[in-house]
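Encoded as C-alpha cells, the structure appears first; notes follow it.
The values are calculated or read from the model by the stated rules, or taken from the named source; none is laboratory data. Keep in mind that what you see is a predicted model, and the values were worked out from it rather than measured. Don't worry about glycine lacking a Cβ; one is built from the backbone with ideal geometry, like all the others, and counts go over all protein chains shown.
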Amino acid sequence: MTPKLGVIGGSGIYQMDALQRAAWISVDTPWGAPSDQILTGTLNGLEMAFLPRHGRGHLHSPSSVPYRANIDALKRLGCSDLLAVSAVGSLRIDYRPGDFVLVDQFIDRTFAREKSFFGPGCVAHVALAQPTCARLGAAVTQAAVGLTLHQGATYLAMEGPQFSTLAESRLYRQWGADVIGMTGMPEAKLAREAEMCYASLAMVTDYDCWHAGQATVDVAQVVATLTANADKARTLVARVTLDRPGPCPCGCDRALTHAIMTAPAQRDSDLLARLEAVAGRVL
C-alpha cells in the first residue's frame, strides 16, 4: 500500500503552508463532522492530509474535539500513518519549554469523551500495551534535525480545560508521567482501532505548576512558546519520510484481526455501517 501521512495539528498549528497542490476539502463521517475541513496535498512526493485538531480559530476545547470523526475522516481519505502534534506541560526538570518530546506511553485520566468506535452490537478489544508505532516514531526522530527531541516519554492525558492543581501536578510526577496534556487520549486509542500507525510529537510549553522556580502556567505563556515553535514543528513534519514496503512491523495495521468479540449473527447492522471506514478490513 502506498503510504499517506495524516497530520493532526494541535494548539498553534492550524496550517501547513508547504503543501503542494493544497486544497481544503470537507469530509462527511457517520460520527459527525471533523474539527474542520482537511487540507490535502503533497510534500516532497509524500501524500499528506492535515487536520487542525481544534479547528482554525481554535473553536474546540479538548473535551469537545470530535475525536472519532477526525480519525474516521483521515482513515477515509486513505491515511495509513498518523502524526499527532500537541502542546504539553513538562513534569520533568530536563524537559524544558521549547523542547520536543516523542511520546510512547499514555496514562488516560479523561472522563467526558467517547473513547471507542465499537460498543453494544459490535464489541472489540484492541491491544494497547504499545500505543504508538515505533516505525513511525523512528521516522519522526530522523526528521528532527537540529531540534532538542526527548524520546520514550509518558503522557498524562487530563480532561481539562482547566490546568492542573498543584496537588495533581505533584501526584502525576510521582506516577512517573513525563508530560501532561489534554488531547492525547482518546486519539491514540481510536487510531489503534482504525488500524493506523500513530506517533505523538509533543511540544513543551511550560512546567505545569509543580516547579517552584517557574511561574504557574497560563495561556499567554503557552501561546508565546507555541508561536516560537510552530515553524520548527512544521519543518519537522515536512522532513518525515515513509517507507512502507510491507505490513507494519508493529502490527498497527492488523490491530483488529482478533479483536472483535461479537458473533457475526449478533452484530448490529447500523453500527457496522458506521464502522465501514475504520474497520472495513475485518468486517
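Scanning segment 250-275 for residues that are closer than 29 Å to residue 19 by Cα and touching a helix residue (DSSP H, G or I) at 6+ places or on another chain (Cβ under 9 Å) gives 250, 252. Is one or more of the residues making up segment 259-276 touching a residue at least 24 places away in the same chain (Cβ under 8 Å), surrounded by 23 or more Cβ atoms within 10 Å (Cβ to Cβ) and either in a helix (DSSP H, G or I) or not β-branched (Val, Ile, Thr) (or both)? Checked against the condition, which is being touching a residue at least 24 places away in the same chain (Cβ under 8 Å), surrounded by 23 or more Cβ atoms within 10 Å (Cβ to Cβ) and either in a helix (DSSP H, G or I) or not β-branched (Val, Ile, Thr) (or both), segment 259-276 yields at least one hit. Picking from residues in segment 65-79 that are part of a loop (DSSP other than H, G, I, E, B) and within 15 Å of the chain's Cα centre (by Cα), the one that is farthest from residue 109 (Cα to Cα) is 79. For segment 165-193, taking the residues that are within 21 Å of residue 132 (Cα to Cα), in contact (Cβ under 8 Å) with a residue 24 or more places away in the chain and not in a helix (DSSP H, G or I), the one that is farthest from the chain's Cα centre (by Cα) is identified as 175. Residues of segment 194-217 include at least one that is at pLDDT 90 or above, over 18 Å from the mean Cα position of the chain (by Cα), among the hydroxyl-bearing types (Ser, Thr, Tyr) and assigned to a loop (DSSP other than H, G, I, E, B).
Out of 134, 139, 124, 87, one residue alone is touching a Cys at 6+ places or on another chain (Cβ under 8 Å) and either within 18 Å of residue 182 (Cα to Cα) or touching a residue at least 24 places away in the same chain (Cβ under 8 Å) (or both). It is 134.
Only a single criterion out of (1) touching a Ser or Thr at 6+ places or on another chain (Cβ under 6 Å); (2) crowded, with 21+ Cβ neighbours inside 10 Å is not satisfied by residue 161, namely (2). Evaluated against (1) part of a loop (DSSP other than H, G, I, E, B); (2) farther than 25 Å from residue 16 by Cα; (3) in contact (Cβ under 8 Å) with a residue 40 or more places away in the chain, residue 247 falls short on exactly one condition, (3). Filtering 136, 147 for residues that are in contact with a helix residue (DSSP H, G or I) (Cβ under 9 Å, 6 or more places away or on another chain), in a helix (DSSP H, G or I) and not β-branched (Val, Ile, Thr) leaves a single hit, 136.
Taken together, the criteria exclude residue 90 from residues that are out of contact with any strand residue (DSSP E or B) (no Cβ under 6 Å at 6 or more places or on another chain), buried (at least 22 other Cβ atoms within 10 Å of the Cβ) and farther than 19 Å from residue 70 by Cβ. Just the residues that are modelled with pLDDT under 95 and among the basic types (Lys, Arg), please, taken from segment 74-121. 96 - this is the single residue of segment 74-121 that is modelled with pLDDT under 95 and among the basic types (Lys, Arg). Looking at segment 35-54 only, could you name the residues that are more than 18 Å from residue 233 (Cβ to Cβ) and in contact (Cβ under 8 Å) with a residue 40 or more places away in the chain? Correct list: 47 only.
I'd like the residue in segment 18-51 that is assigned to a loop (DSSP other than H, G, I, E, B) and among the charged types (D, E, K, R) and, out of all such residues, is surrounded by the most Cβ atoms within 10 Å (Cβ to Cβ). This residue is 36.
Residue 55 meets each of the listed conditions (1) in a loop (DSSP other than H, G, I, E, B); (2) within 30 Å of residue 213 (Cα to Cα) apart from (2). Please go through segment 52-78 and pick out each residue that is touching a helix residue (DSSP H, G or I) at 6+ places or on another chain (Cβ under 6 Å) and either surrounded by fewer than 18 Cβ atoms within 10 Å (Cβ to Cβ) or hydrophobic (A, V, I, L, M, F, W, C) (or both). If the condition is that a residue be touching a helix residue (DSSP H, G or I) at 6+ places or on another chain (Cβ under 6 Å) and either surrounded by fewer than 18 Cβ atoms within 10 Å (Cβ to Cβ) or hydrophobic (A, V, I, L, M, F, W, C) (or both), then 71 is the only one that fits. Residue-level analysis places residue 153 among those that are surrounded by fewer than 24 Cβ atoms within 10 Å (Cβ to Cβ) and either without any contact (Cβ under 8 Å) to a residue 40 or more places away in the chain or not in a loop (DSSP other than H, G, I, E, B) (or both).
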